[in-house]
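Take a look at the structure set out below.
Each value in this text was obtained by applying a stated rule to the coordinates, not by laboratory testing. The shown structure was predicted, so the numbers you read here are calculated from the model rather than taken from an experiment. Here Cβ is always computed from backbone atoms with ideal geometry, including for glycine, and neighbour counts include all displayed protein chains.
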Amino acid sequence: MKITNEAIDYLKTALEEEQTKSVRIITEAGCCGPTLGLAVATPEATDEVKHFDDLTFAVANEATALSANVTLDVESTEEGMTLVLHGLQPSC
C-alpha cells in the first residue's frame, strides 16, 4: 500500500485528539466478498507496520494481498475532504 503525503497530513489532523496515532488497514465484508477498511486501532502482532511522520500504519495480515496495489489518498467532496483508496478492485 502506498500513502500520499496529503493522506498523512489529513490523518495527523483527524487523529489529534485520539489516544492512538495508529491506523489499521483491515478487511471488511463487502457485497460480493472482502474489501478494505480503515480503523483507528493499535497494530496487532501479525500486522505489517510502517511509520510516517509520527503516524503508524498497520496492514492486517489478511488485508496484505488486497492492499498491494492500493494508494491511500484524500479527495475533495461536497461534504469536504475524505480518505479514498485508489486502485482498490471492486468486490463485485
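Points to keep in mind about this one:
- Structure-based [θ]222 nm, the chain - -39500 (n - 2.57) summed over DSSP H runs of at least 4, per residue, nearest 500: -4000 deg cm²/dmol
- Checking every one of the GluC sites (Glu not before Pro) in the chain against DSSP loop status and a limit of 13 other Cβ atoms within 10 Å picks out 16, 17, 18, 44, 78, 79.
- Straight Cα distances below 17 angstrom link residue 21 to the lysines 12, 50, with same-chain residues fewer than 8 positions distant left out.
- Förster radius 35 Å - calculated FRET efficiency between residue 62 and residue 13, Cβ distance, rounded to 0.05: 0.75
- Lys/Arg +1, Asp/Glu -1 at C-beta; the chain dipole; positive extreme among 25, 10, 77: 25
- A simple spin-label model places the labels of residue 54 and residue 20 1.9 nm from each other, with each point 7 Å out along Cα-to-Cβ.
- Residues whose amide H comes within less than 5 Å of that of residue 2, counting only those at least five positions distant or on another chain, are 70, 71, 72 (H built at 1.01 Å from N in the peptide plane).
- Karplus-derived 3J(HN,Hα), 6.51/-1.76/1.60, for each residue of segment 31-43, Hz, glycine and proline x: 5, 10, x, x, 9, 8, x, 10, 9, 7, 7, 6, x
- Listed residues 50, 21, 12, most fluctuating in the chain (Gaussian network, C-alpha, under 10 Å): 50
- HN-Hα J in Hz across segment 18-23 - Karplus 6.51, -1.76, 1.60, θ = phi - 60°, x for Gly and Pro: 7, 6, 10, 10, 10, 10
- For segment 10-92, projected area of the alpha-carbon convex hull averaged over all directions, nm²: 6.1 nm²
- The phi torsions of segment 52-64, fed into the Karplus equation with coefficients 6.51, -1.76 and 1.60 and a -60° offset, translate into couplings of 9, 6, 6, 10, 10, 10, 10, 9, 4, 3, 6, 9, 4 Hz, rounded to whole numbers, with Gly and Pro shown as x.
- With neighbour counts taken as other beta-carbon atoms within 10 Å, the residues 8, 26 rank, fewest first, as 8, 26.
- About its Cα centre, the chain has a charge dipole of approximately 320 debye under the convention of +1 per Lys or Arg Cβ and -1 per Asp or Glu Cβ, with nothing else charged.
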